[in-house]
1. What is the helix-to-structure angle for 23-36, meaning the angle in degrees between its Cα long axis and the longest Cα principal axis of the chain, kept from 0 to 90 and rounded to the nearest 10?
2. Based on alpha-carbon centroids, what's the gap between region 53-86 and region 178-255 in Å, whole number please?
3. What ranking of GLU207, GLU105 comes out by heavy-atom accessible area, probe 1.4 Å, highest first?
4. Given a 1.4 Å probe and every protein chain left where it sits, what share in percent of the accessible area of region 118-179 is carbon and sulfur?
5. Using label points projected 7 Å from each Cα along Cα→Cβ, tell me how many nm separate ASP13 and TRP118, to one decimal.
6. I need to check one value: relative contact order of the chain, counting alpha carbon pairs closer than 8 Å and at least 6 residues apart, in percent.
7. If Lys and Arg each add +1 and Asp and Glu each add -1, what is the summed charge of the other residues whose beta carbon sits under 10 Å from the beta carbon of MET107?
8. Before I look further, what does region 3-86 give for accessible area per residue, probe 1.4 Å, in whole square angstrom?
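The values are calculated or read from the model by the stated rules, or taken from the named source; none is laboratory data. In this text the structure is predicted, and so the values were computed from the model without any measurement. Positions of Cβ are generated from backbone atoms using ideal geometry, with glycine treated the same way; all protein chains shown enter the neighbour counts. Quick note on the areas: whole protein, heavy atoms, side chains included, nothing else; ligands and nucleic acids left out. Shrake-Rupley method; radii C 1.70, N 1.55, O 1.52, S 1.80 Å.
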Amino acid sequence: MTTETIENFLKSDDWMQDAAGPRYVRLRKRIEESIETGLLGESAPLPAEREIANLTGLSRVTVRRAMQDLVDRGIIVQRQGSGSFVADGTPKVEQSLSRLTSFTEDMTRRGLNSSSEWLERGVHTPSPEEVMALALSSGEAVARISRLRRANDRPMAIERASLPIDILPKPQLVESSLYEVLGRDGNRPVRALQRISAVNLESEDSELLGVEPGAAGLRIVRTSYLANRRVVEFTRSIYRGDAYDFVAELRLANS
Ligand code: 16G
């Protein structure tokens, strides 16, 4: 996958047509999106106004207005003589709480490059917790894959997934996306339950995630099901608290 650059992100012309509202607002939102998705990290420099005008075909006046708006909102800072930079404060990735997507898909949708570091990948005797969660029969083994997941090389989460062995007989075959492998075998989950709680990261996890021990994190336990209601995945994840915003859409009952 090619790594997206801010120049390409601003250049692709669809966004100008797709979005509504005054042009400077559309540009402001486009730049905000590049920060929210992590394309532009904390303190990253933005292209010069003149360059943005060239890339987007917008006038310098429009670009300046969008930049001023971003400064007023505390999203970017301007330093005399050296240009504009993303304000400090880690950008967050927004994740919908209602869509059953994989890490790889979530990151790809945002133009981010996902990668994983393997912590564990093999077949094991299940723990009592795994036997219960996966409804395993006695003597049945469990497939475990544990990964440190990165977006554009930045550690985002530690995921420890357990699956029944007949669903994933060869965990070694998972190279990048677990859901892709499950999908190939017709075993991709169609429904999941997730429990999210706040945690203070223990030293081993905080080290992997590149934050201080005790830093805030999110613990997410996902149990996923096949259409026939069989449990297919039991995953315990620890997400960096400063890297994710989980967004849930709420509707009035019966609407
Ligand atoms: C998501 C899921 C995780 C699943 C993984 C598969 C959460 C909290 N967790 O990260 O349960 O195993 O996607 O991703 O959303 P993959 O197909 O990229 O390996």
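1. 40 degrees
2. Here the answer is 36 Å between Cα centres.
3. Numbers: GLU207 150, GLU105 70 Å².
The ranking, largest first, comes out as GLU207, GLU105.
4. Values: 1510 of 2840 Å².
On region 118-179, the fraction of accessible area on carbon and sulfur atoms equals 53 percent.
5. The two pseudo-label positions are separated by 4.6 nm.
6. Numbers: 449 pairs, mean separation 41.5, N = 255.
Relative contact order for the chain comes out at 16 percent.
7. Numbers: positive: ARG109, ARG110, ARG149, ARG150; negative: GLU105, ASP106.
That sum, taken over residues with Cβ under 10 Å, equals +2.
8. Working: 4600 Å² over 84 residues.
Accessible surface, normalised per residue, equals 55 Å².
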